[in-house]
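Participant: Structure incoming, see below.
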Amino acid sequence: MMATRNGGQILMQQLRIHGVRRLFMVAGESFLPCIDALNEHVGVIQPIVCRHEGSAAYMAEAHGKLTATPGICFVTRGPGASNAAIGLHTAFQDSTPLILFVGQVGNRFQDREAFQELDYRRVFGQMSKWVAQIDQTERIPEYLSRAFHVATSGRPGPVVLALPENTLWGRAMVADLPPWRRTQIAPGSDDLRRLKGMLAQAQRPLMLVGGSGWTAAAMGQMARFAHAFGLPVAVAWRRLECYDQADEHFAGHAGWGMHAALAERIRAADVILAVGTRLGEATTLGYTLLESPLPRQRLIHVYPDADEIGRVYAPAQGIVASVNAFAQAVQALSPDKPVDAAAAHAAHAQYLDTLTPLPAPGPLSLDAIAAHVAQTLPASACITVGAGNYALYPHRYRQFRGPGTSLAPTVGAMGYGLPAAIVSRLTQPEREVVCFAGDGCFQMTQEALGVALQYALGIVILVFNNGTWGTIRAHQEREFPGRNIALDFVNPQFARLIEAYEGLGQRVVRSEDFAPAFARARAFAREQQRPALIEICYDPDGIAPGETLQDIRARALAAQGG
Ligand SMILES: Cc1ncc(C[n+]2csc(CCOP(=O)(O)OP(=O)(O)O)c2C)c(N)n1
Ligand SMILES: [Mg+2]
């Protein structure tokens, strides 16, 4: 006979059935039955005890990115939920499956603005695929099943489920539902015929890949397709892991900071085959490389969600398809007449040129350091970043080789790098992980060091200390040259900070000292399974590869007629 269970037990058992093996949480009294139910899943579901809900939600997001299954996050009512918002927003803009469980006041107090009460449907409505409140204990399995399907279907994204007290403490006799199933949308034969026809007519085609959920197998299939049709391939902004950058058709990374030859190649293309990517503001350089609503290039837009196709750009052809199903379908296509791969090879040669470190001012060059990291790490290693100009360097100099090698928020949310590195270590322990963090970025989530300590995670953290919100300095010089104010900050000694977390701290002020420090950090992380941090001090004038604040200021003053 079926036993009655409380809501927490029903929920946790259902998560287990759906394949959840790790969840990220900051405790709250509002969801105690869920926490208690973890006692029934010891050794199966690992709760990661986080220090801040922002980091917890980032970790769930990174988990969703790496596994293409919903990252699970538990937070308490209003305050916890508010802290978690950044991870939810990141999952939304980055199209990452995630389920955020939030405590809620009991139904009997609802709408009184009771203690910490928020209506999550209103608060999170714009940054979630679906927000719901489970008001009946016996309907928990139904809501969870829908949540897993919604988070992973079409354009993946976050789901929020609010858990009123009476739902969790209440008891019900209810059967579990079977595990969720991934649905794939394959392109139709007409879609493929038209696609082939358009590529056959193209003089200067280009493929742009992006979005989430790519598998290594699909990436290989896309390379085969690109080779067969002579397509140069660019990755969308911060979707560095979507294509093997060592492939001879790889043309570069589109978006802010991109190399001029690639920007020109995208502008001059006559057909753009965009696969899995939304063609966002960053990738299109503010909707200029492709102009909205009708791009000059003929756009073939392949996307897993019909609602995105035609949303910003009127396409010449829209194809509703999951990225992996699309790759599977096109790998078998071959052109009717021989194609010329010269343009693709030229594009790759131009890209390879950008891997040579550019000169930088001062005794420490971020170009040299990022190039050293890029060349020293094995191909399988994962690099994580948050947001800031320091991130331009690893993204420029590292050749990313496929899924699992990069975690970068396309939403440009600061503080992501450290939580993401923690998740990389937990989820794919066979890969080394290096977190690049600006001094600003790092300080947004440095509390997550406690998680690295607690779970014995050997990660390497590079903190780029220029004493300022450098990115904003650059914008400030461009818009208000010479009027630097309110951006610089005093930093702690990061190398000493990590020692409090039983990690290895080092400080580097000259380029030539980086290589031995990096080798020591990697060895420490590997052997001790604890974090190793290198504080890298440099002159804020070197603001981006090949660019200084002085250059920006001089150009802005000249433009003002000064
Ligand atoms: C959560 C969040 N807050 C603010 C910003 C705006 N912002 C973008 S980059 C940046 C500066 C980053 O500073 P730092 O991490 O030190 O890197 P740097 O630019 O100096 O290399 C800021 C404040 C943001 N993107 N995200
Ligand atoms: Mg900085």
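Participant: For residues in the range 426-439 being buried (at least 24 other Cβ atoms within 10 Å of the Cβ) and within 13 Å of Ile383 (Cβ to Cβ), which is farthest from ligand 1 (Cβ to nearest atom)?
Facilitator: Val433
Participant: Sticking with this one: In the list Ala62, Ala68, Ala56, which residue meets the criterion of being under 14 Å from the mean Cα position of the chain (by Cα), open to solvent by less than 10 Å² (accessible area, probe 1.4 Å) and either touching a residue at least 40 places away in the same chain (Cβ under 8 Å) or closer than 29 Å to Leu240 by Cα (or both)?
Facilitator: Result: Ala62 is the single residue among Ala62, Ala68, Ala56 that is under 14 Å from the mean Cα position of the chain (by Cα), open to solvent by less than 10 Å² (accessible area, probe 1.4 Å) and either touching a residue at least 40 places away in the same chain (Cβ under 8 Å) or closer than 29 Å to Leu240 by Cα (or both).
Participant: Another one. Of the residues Phe518, Phe524, which is part of a helix (DSSP H, G or I), open to solvent by less than 20 Å² (accessible area, probe 1.4 Å) and modelled with pLDDT of 95 or more?
Facilitator: Just one listed residue meets the conditions, Phe518.
Participant: Output the number of residues of the range 386-416 satisfying the condition of being away from ligand 1 (no atom under 15 Å from the Cβ) and touching a strand residue (DSSP E or B) at 6+ places or on another chain (Cβ under 9 Å).
Facilitator: Of the residues in the range 386-416, 7 are away from ligand 1 (no atom under 15 Å from the Cβ) and touching a strand residue (DSSP E or B) at 6+ places or on another chain (Cβ under 9 Å).
Participant: Which one of these is open to solvent by less than 40 Å² (accessible area, probe 1.4 Å), closer than 28 Å to Gln93 by Cβ and within 16 Å of ligand 2 (Cβ to nearest atom): Ala381, Ala408, Ala391, Ala374?
Facilitator: After ruling out the rest, the residue left standing is Ala391.
Participant: Still on this structure, I have one more. Would you please list the contacts, defined by Cβ atoms under 6 Å and residues six or more apart or on different chains, that run from a residue in the range 384-405 that is at positive phi to a residue that is away from ligand 2 (no atom under 13 Å from the Cβ) and among the polar types (S, T, N, Q)?
Facilitator: Going by the 6 Å Cβ cut-off, the qualifying pairs are Gly404/Gln428.
Participant: Sticking with this one: Give the range 448-479 a look and list any residue that's in a strand (DSSP E or B) and among the β-branched types (Val, Ile, Thr), or say none.
Facilitator: Of everything in the range 448-479, those that are in a strand (DSSP E or B) and among the β-branched types (Val, Ile, Thr) turn out to be Val460, Ile461, Val463, Thr468.
Participant: Just checking, does the range 444-467 include any residue being surrounded by fewer than 16 Cβ atoms within 10 Å (Cβ to Cβ) and touching a Pro at 6+ places or on another chain (Cβ under 9 Å)?
Facilitator: No, the conditions are met nowhere in the range 444-467.
Participant: Is it fair to say Val20 is modelled with pLDDT of 95 or more, part of a loop (DSSP other than H, G, I, E, B) and within 23 Å of Tyr416 (Cβ to Cβ)?
Facilitator: yes
Participant: Surrounded by fewer than 18 Cβ atoms within 10 Å (Cβ to Cβ) and either part of a loop (DSSP other than H, G, I, E, B) or modelled with pLDDT of 95 or more (or both): is that true of Glu281 in this structure?
Facilitator: Criteria met by Glu281.
Participant: May I pose another question? Could you grab me the full set of residues in the range 98-137 that are closer than 18 Å to Gly7 by Cα, open to solvent by 40 Å² or more (accessible area, probe 1.4 Å) and touching a residue at least 40 places away in the same chain (Cβ under 8 Å)?
Facilitator: If the condition is that a residue be closer than 18 Å to Gly7 by Cα, open to solvent by 40 Å² or more (accessible area, probe 1.4 Å) and touching a residue at least 40 places away in the same chain (Cβ under 8 Å), then Asn107, Arg108 are the ones that fit.
Participant: Taking Ala151 as the residue in question, decide whether it is open to solvent by less than 50 Å² (accessible area, probe 1.4 Å) and touching a Lys or Arg at 6+ places or on another chain (Cβ under 8 Å).
Facilitator: Yes; evaluated as a whole, the condition is true for this residue.
Participant: So which residues in the range 411-425 are within 16 Å of ligand 2 (Cβ to nearest atom), surrounded by 24 or more Cβ atoms within 10 Å (Cβ to Cβ) and small (Gly, Ala, Ser)?
Facilitator: Gly415, Gly417
Participant: When you check Arg193 against the structure, is it part of a loop (DSSP other than H, G, I, E, B) and either open to solvent by 10 Å² or more (accessible area, probe 1.4 Å) or at pLDDT below 95 (or both), yes or no?
Facilitator: no
Participant: Right, something else. Quick check on my filter: what residues within the range 492-530 are of a type in the set (A, V, I, L, M), closer than 14 Å to Phe464 by Cα and touching a helix residue (DSSP H, G or I) at 6+ places or on another chain (Cβ under 8 Å)?
Facilitator: Val508, the sole residue that qualifies.
Participant: Within the range 167-187, how many residues are open to solvent by less than 60 Å² (accessible area, probe 1.4 Å) and part of a helix (DSSP H, G or I)?
Facilitator: 2
Participant: Turning to a different aspect of this structure: Is the range 113-136 home to any residue that is within 23 Å of Val49 (Cα to Cα) and touching a Pro at 6+ places or on another chain (Cβ under 8 Å)?
Facilitator: Yes, because at least one residue in the range 113-136 is within 23 Å of Val49 (Cα to Cα) and touching a Pro at 6+ places or on another chain (Cβ under 8 Å).
Participant: For residues that are part of a helix (DSSP H, G or I) and either surrounded by 24 or more Cβ atoms within 10 Å (Cβ to Cβ) or hydroxyl-bearing (Ser, Thr, Tyr) (or both), tally how many sit in the range 227-255.
Facilitator: Selection size over the range 227-255: 3.
Participant: Here is a follow-up. Determine whether Pro361 is open to solvent by 40 Å² or more (accessible area, probe 1.4 Å) and modelled with pLDDT under 95. Reasoning before the result, please.
Facilitator: Details: open to solvent by 40 Å² or more (accessible area, probe 1.4 Å): yes; modelled with pLDDT under 95: yes.
Yes; evaluated as a whole, the condition is true for this residue.
Participant: Criterion first (assigned to a helix (DSSP H, G or I), more than 15 Å from ligand 2 (Cβ to nearest atom) and of a type outside the set (A, V, I, L, M)) does Gly482 satisfy it?
Facilitator: no
Participant: Among the residues of the range 280-291, are any among the polar types (S, T, N, Q) and in contact (Cβ under 8 Å) with a residue 60 or more places away in the chain?
Facilitator: So far as the range 280-291 goes, yes, one or more of its residues are among the polar types (S, T, N, Q) and in contact (Cβ under 8 Å) with a residue 60 or more places away in the chain.
The values are calculated or read from the model by the stated rules, or taken from the named source; none is laboratory data. If you're wondering where the values come from, they're calculated on a predicted model, not measured in any experiment. Positions of Cβ are backbone-derived with ideal geometry, glycine not excepted, and every protein chain shown enters the neighbour counts. Side chains included, ligands, DNA and RNA excluded: accessible areas come from the protein's heavy atoms. Shrake-Rupley method; radii C 1.70, N 1.55, O 1.52, S 1.80 Å.
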